[in-house]
């Protein structure tokens, strides 16, 4: 899928072409779900974020400055919406399942182990956020559940199949270097 193809698809969808809209949804749904999946929302919240992301595209479809970058626009919109929903849900965890609240993993973990794990996750997330937007997008798509094929990833990210693996390697190497630098600076 080339840049011109995506631009034409967006323009056709903006003109009311239902088939073009359906094609956009089919091509980019995996990307949107993979971004949402990074926020570990409940099924209902994730579905709401998915729907809201596509609703926002409908609202802005005719005004996109770079229609060929609709994948990035969708990823950014999904991320922002997922953050909004996650923050709202963070305050309350409704459950009647006492096992969830009294999980053995929490009972077996010492406060020190929990603090170390929390710090590790925070440093990893900070290093991840320092990566280029392209690396963040690729790594999120590669972690999608269910996993996407390289063919699907190539279509969603508009990149040649042969460059996915090498780009992933460079992104992970960059992430490791950033984490190592953080560890060095922390000492």
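Tabulated data
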item: Sorted by Cβ neighbour density within 10 Å, fewest at the top, the residues 52, 149; result: 149, 52
item: Sorted peptide list for 55-65, 31-41, criterion being average Cβ within 10 angstrom, highest first; result: 31-41, 55-65
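A short reminder: the numbers here are calculations on the coordinates, not readings from a lab. Just so it is clear, the structure is predicted and the values come from calculations on it, not from any experiment. Neighbour counts are summed over all protein chains in view; Cβ atoms, including those assigned to glycine, are modelled from backbone coordinates with ideal geometry.
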